[in-house]
Each structure stands twice: as structure tokens, then as C-alpha cells.
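First the structure, in the form of C-alpha cells, and then the observations on it.
The values are calculated or read from the model by the stated rules, or taken from the named source; none is laboratory data. Note that the coordinates shown come from a computational prediction; the quantities given were computed from them, not determined experimentally. FYI the Cβ positions are ideal-geometry reconstructions off the backbone, even for glycines, and counts take in every protein chain you see. Quick note on the areas: whole protein, heavy atoms, side chains included, nothing else; ligands and nucleic acids left out. Shrake-Rupley method; radii C 1.70, N 1.55, O 1.52, S 1.80 Å.
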Amino acid sequence: MKSETTFMEKEQIIWVDLQGFFDVQKTQDEVDIFEASMDQLPLKDLTLVIDSTDLAVFKREIIPILEHCYALYSRFKRCIMVDPASPTAKLQLHKAAKNVEGFTGEFVSTTAEAKALLNL
């Protein structure tokens, strides 16, 4: 999996592009780094965009990690999730989201739709 994060300071947006296939250990390591940095951020002032357009289908072992991420994402002012192009990966993400009580993220179909919601 490849992950690239961009901070749009003026707009107060953290944009994360996810691509490829999730490796279980690498994913857990990335989540640990992300979670450790959260205390240093003004989460209630920030919008988080997770762009999964190029994300591949992933192993079942990733589901608990993904569910933990969704709980973390709900700490942001707003969370927008861009669906993967892969129908199977999309189904996996939506199913995991339903398992997380209090998940406040909103799914959109395209990057363009996410940008429109954010007036970018």
C-alpha cells in the first residue's frame, strides 16, 4: 500500500491518498504513527479526507484495523471517505464502517464530489 498525506493549512484539511493493497503489519504500523500524532492536532478544527479511489481489495485481517481507523476518524470535525473504484473494496469499506458505533464519516463516490463538498 502507498499512502500520501497532504495538509492544506488554509482550508484546515488533511487529505490522505491510499493506493494499492494493504499489508497487515505495514498498515498497523502506519495506523500507530497516525494515532500517536493525533494528540498534537486540533482535530475539532480539521477535516479529514481519505481518498481510497486506487485502493485494492484487502485481506480480512485488515478489517479490525480499519474499524479502529474509523473510530479515530470520527474525532475530526468532519471526515469524508472517497470510495474505491473497485466494487469489492468499496463493499469492504462500507461494511466495516457499519460495524463502528458512532462513525461520523460520510462516503462519496469520487474525488471531485469530495472537493465540491469542501468548495475546493
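When you check Phe103 against the structure, is it assigned to a loop (DSSP other than H, G, I, E, B) and in contact with a strand residue (DSSP E or B) (Cβ under 9 Å, 6 or more places away or on another chain), yes or no? So Phe103 fits the description; yes. Pairs meeting the criteria (first residue in the stretch 93-120 and in contact (Cβ under 8 Å) with a residue 24 or more places away in the chain, second residue aromatic (Phe, Trp, Tyr) and surrounded by 13 or more Cβ atoms within 10 Å (Cβ to Cβ), beta carbons under 7 Å, at least 6 apart or on different chains) are Ala96/Tyr70; Ala97/Tyr70; Ala97/Phe103; Val100/Tyr70; Phe103/Tyr70; Gly105/Tyr70; Gly105/Tyr73. Looking across Ser3, Ser74, Ser37, one residue alone is closer than 19 Å to Thr110 by Cα and of a type outside the set (Lys, Arg). It is Ser3. One residue stands out among those in the stretch 32-57 that are part of a loop (DSSP other than H, G, I, E, B) and open to solvent by 10 Å² or more (accessible area, probe 1.4 Å): the one that is farthest from Lys10 (Cα to Cα), which is Val57.
Looking only at residues of the stretch 11-25 that are open to solvent by 30 Å² or more (accessible area, probe 1.4 Å) and out of contact with any strand residue (DSSP E or B) (no Cβ under 7 Å at 6 or more places or on another chain), we find that the one that is nearest to Arg78 (Cα to Cα) is Glu11. Within the stretch 1-32, the set of residues being within 14 Å of the chain's Cα centre (by Cα) and among the β-branched types (Val, Ile, Thr) comprises Thr5, Thr6, Ile13, Ile14, Val16, Thr27, Val31.
In the stretch 74-98, which residues are of a type in the set (A, V, I, L, M, F, W, C), outside any helix (DSSP H, G or I) and open to solvent by 30 Å² or more (accessible area, probe 1.4 Å)?
Once the filter is applied, which keeps residues that are of a type in the set (A, V, I, L, M, F, W, C), outside any helix (DSSP H, G or I) and open to solvent by 30 Å² or more (accessible area, probe 1.4 Å), the stretch 74-98 yields only Ala85.
Is it the case, given these coordinates, that Glu67 is more than 24 Å from Met38 (Cα to Cα) and assigned to a helix (DSSP H, G or I)? Considered against the rule, which asks whether it is more than 24 Å from Met38 (Cα to Cα) and assigned to a helix (DSSP H, G or I), Glu67 comes out as no. Of all the residues in the stretch 2-30, those that are in contact with a helix residue (DSSP H, G or I) (Cβ under 8 Å, 6 or more places away or on another chain) and at pLDDT 90 or above number 2.
Does the stretch 101-110 contain any residue that is aliphatic (A, V, I, L, M), open to solvent by 50 Å² or more (accessible area, probe 1.4 Å) and at pLDDT 95 or above? No - not one qualifying residue is present in the stretch 101-110.
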